[in-house]
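Take a look at the structure set out below.
Here, each number is a calculation from the coordinates, and none is a lab measurement. All values reported here derive from a predicted model rather than from experimental measurement. Glycine gets a Cβ as well: all are built from the backbone with ideal geometry, and neighbour counts include every protein chain shown.
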Amino acid sequence: MGSKIISIKEAIEMKKQYLNTIAPLIETNKGNGYQATDFAWIDLASLKDYLALLDDVMKKNDKEISGIRIYFSAYPNSDTFASTGNPIDFKGRETVLLAPTIEVDPTTLSGQYPNLENLPFFIEPTDDSKPLVGDFVVIEDLLNASDNRPSNLGSSGTNSTSLIMDNMSLTPPPPK
């Protein structure tokens, strides 16, 4: 088995730690009997499709994707996203985002924390008819305060290609 596998007892201990320390903060902050999101679920076929997409992007660009950042996030508490106007199915709920990363130059701090050398990116297509081919641009607004700020830093434009995954099933679901 892989070196990233933990014991069942450790997993249970960590889940209890979340339920006893983090979930109450969320529930108190939200009020009105709100239940904090317990987990996000993704079916294996969708996860495999996502990984196949990332493999395809690497082949088409002859560039390496170094990993995936998993961001803790939350949907806005409204019916639509202010930025796109798209509808929000899980208004106000916590979720996670999967964002592929590229490796960047190390910093003093990243020597201690190598994950800081892997930053989320989008594709800026060099040809509008090939949205998966182009420059990999680091997403500035997703960076942590400790992240390196490389030269290929930017905000996405109208033709930019996102590889960020969301839309997983959340539990507990929002009340109907």
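So how strong a dipole does the chain carry about its Cα centre when Lys and Arg Cβ are +1 and Asp and Glu Cβ are -1, to the nearest 20 debye?
The calculation lands at about 640 debye.
Distance between Cα centroids, the stretch 96-117 to the stretch 1-34: provide it in whole Å.
24 Å
Of the listed peptides 113-119, 74-80, what is their order by residue-averaged count of other C-beta atoms within 10 Å, with the highest listed first?
Listed from highest to lowest mean packing, they are 113-119, 74-80.
Could you tell me the relative contact order of the chain? Use alpha-carbon pairs under 8 Å, at least six residues apart, and round to a whole percent.
Across the chain, relative contact order equals 21 percent.
In this model, which of LYS16/LYS63; LYS4/LYS59; LYS4/LYS60; LYS15/LYS63; LYS48/LYS130; LYS15/LYS48 are farther than 31 Å apart at the alpha-carbon?
Correct reply: LYS16/LYS63; LYS15/LYS63.
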